[in-house]
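Asker: Next up is a structure, given as structure tokens.
Values in this text are rule-based calculations from the coordinates and carry no lab data. Predicted model only: the values in this text are computed from it and were never measured. Note that each Cβ is placed from the backbone with ideal geometry, even for glycine, and that neighbours are counted across all protein chains shown.
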Amino acid sequence: MSIGAISGGGGYAAMQAQRSCEATAPGALTPEEQQEVQKLRRIDQKVRQHEAAHSAAGAGLTGGASYEYVRGPDGRQYAVSGEVKIDVSPAQTPEQTIEKAKRIQAAALAPADPSAQDRAVAAQAAQMAAQAQAELSQMKNQERLNGDDGEAAGQANPASLARRENGSENSRTSRAVAAYNYLEPQPESLLSLFA
């Protein structure tokens with residue numbers, strides 16, 4: 001917020017507006033200043049496109065873009081860097097986490113020229129997907145083992161019942177209760193995607 005917006009009178013704001021008009025009047029800028037303004041406009045456009053690509057590809061996972069500005073010789077502000085926060089917390093199930101990780105990777109790598117931070121977020125999402133895939137495989141193996149103990153034929157033995165109570169059934173129940181209690185995913189961590 002500018003000082004002019006805080007003050008009760010419009011004197012300061014009017015003076016700033018007059019300076020802005022004078023600075024942008026034809027011939028008011030030197031050739032060097034005009035080149036600098038053109039350069040700042042190109043940077044501003046590139047930064048905004050970069051962050052818009054993250055936001056569009058990560059819809060639902062990303063917050064709004066925030067920018068860092070510099071004031072050009074013409075008195076206007078130009079974005080010179082930006083960031084978009086993205087939720088990189090695991091989802092409620094391994095399957096959902098794998099899908100979420102794919103969306104995070106797509107959002108991180110959406111711009112035509114991903115930054116080093118963008119590539120790091122994509123790598124973190126790939127690792128998250130690999131962990132979720134390993135957990136999913138482990139759960140499927142456990143289910144298969146439980147099925148091989150004779151339970152398919154209706155012969156539940158005490159050892160397999162104990163395993164079920166302490167193993168996959170218990171974790172499935174706890175996940176179901178957690179899903180019921182938290183119908184919307186709760187972000188545990190956020191990362192920033194930088195231009």
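Asker: Please rank Asp113, Asp44, Asp118, fewest neighbouring Cβ atoms within 10 Å first, as an exposure proxy.
Answerer: Fewest-to-most Cβ neighbours within 10 Å comes out as Asp113, Asp44, Asp118.
Asker: Identify all lysines with a Cα-Cα distance to Lys46 below 30 Å; exclude those on the same chain that are fewer than 8 residues away in sequence.
Answerer: Of all the lysines, those that pass the test against Lys46 - Cα under 30 Å, at least 8 places apart if same chain - are Lys85, Lys100, Lys102.
Asker: Right, here's the next one. Among Ser55, Ser137, what is the fewest-to-most ranking by other Cβ atoms within 10 Å?
Answerer: Ser137, Ser55
Asker: Going by how many other Cβ atoms sit within 10 Å of their own, how do Ile43, Ile104 line up, fewest first?
Answerer: Ordered by Cβ neighbours within 10 Å, fewest first: Ile43, Ile104.
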